[in-house]
1. Using a 1.4 Å probe over the heavy atoms of the protein chains, calculate the carbon and sulfur portion of the accessible area of the chain as a whole percent.
2. Can you list the lysines whose alpha carbon sits under 23 Å from that of Lys62, skipping same-chain ones fewer than 8 residues off?
3. Got the relative contact order for the chain handy, in percent, Cα pairs under 8 Å and 6 or more residues apart?
4. What accessible area per residue comes out for the chain, rounded to a whole number of Å², with a 1.4 Å probe?
5. From zero up to wherever the largest Cα-Cα distance of the stretch 61-104 sits, split into 5 Å bins and tell me the percent of pairs in each.
6. List every DSSP H helix in the chain whose Cα atoms extend 24 Å or more along the helix's own long axis and whose mean Kyte-Doolittle hydropathy is at least -1.0.
7. Would you please give the residues with an amide H less than 5 Å from that of Asn139, counting only those at least 5 places away or on a separate chain, with H modeled from the backbone geometry?
8. With a Cα-only, solvent-free Debye model of the chain, what are the log10 I(q)/I(0) values at q = 0.17 Å⁻¹?
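The values are calculated or read from the model by the stated rules, or taken from the named source; none is laboratory data. Given the structure is predicted, the values throughout are model-derived calculations rather than measurements. Only protein heavy atoms, including side chains, enter the accessible area calculation; ligands, DNA and RNA are left aside. Shrake-Rupley method; radii C 1.70, N 1.55, O 1.52, S 1.80 Å.
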Amino acid sequence: MKKKIHPLMVIRYLMLSGLLACAVLLQLGSKVSNTPAETVLSNVAAVCDLSGAVQSDNRMFKRLYQLNAGDYENIILYIPASNMDVQELLIVKLRDASQAEGVEAAVNARLQSQMDSFEGYGVEQYHLLENHILEIQGNYVFYLVHSNASKGREAFLDSL
């Protein structure tokens, strides 16, 4: 005599399998990196000439992004050396992945401000801003405005 499988049992197993698959996918997507931010910087600087930018401090980070550097594990910020340039690099190593949304919003606000400033007269600068890279990977946020932004992105991803 064969035992009949109840339809609710099948649904239960399917739901459990789906939940397990979602949990695994979420873990794969939020890879936390132990790579020091300075290593990420040196790898990006190897492919992107940062001579048109100057390293900035936490006060400038607060001024440009309205965020407190002390809230994050590490902040590296290079800003344009001249007011007529837009080359910029921001590497934020988050303490917690939940901080990514706030940093992303601050970067987008900074980007929009720069685009508003250069729209109409800074054609080359505006083009660089349009082709920016904003990448969030696990516990890192990476923002780059540079003529070699795509190579900088690759170096960033390879660093993690």
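1. Values: 5440 of 9990 Å².
Here carbon and sulfur together make up 54 percent of the probe-accessible area.
2. Lys93
3. Details: 218 pairs, mean separation 43.2, N = 160.
That works out to 27 percent.
4. Working: 9990 Å² over 160 residues.
Each residue of the chain exposes 62 Å² on average to a 1.4 Å probe.
5. Answer for the stretch 61-104: a P(r) of 5, 19, 31, 23, 12, 7, 3 percent.
6. Values: long enough: 7-29 (33 Å, 1.77); 100-118 (27 Å, -0.18).
Both cut-offs are met by 7-29, 100-118.
7. Distant-sequence amide H within range of Asn139: Ser33.
8. -0.98
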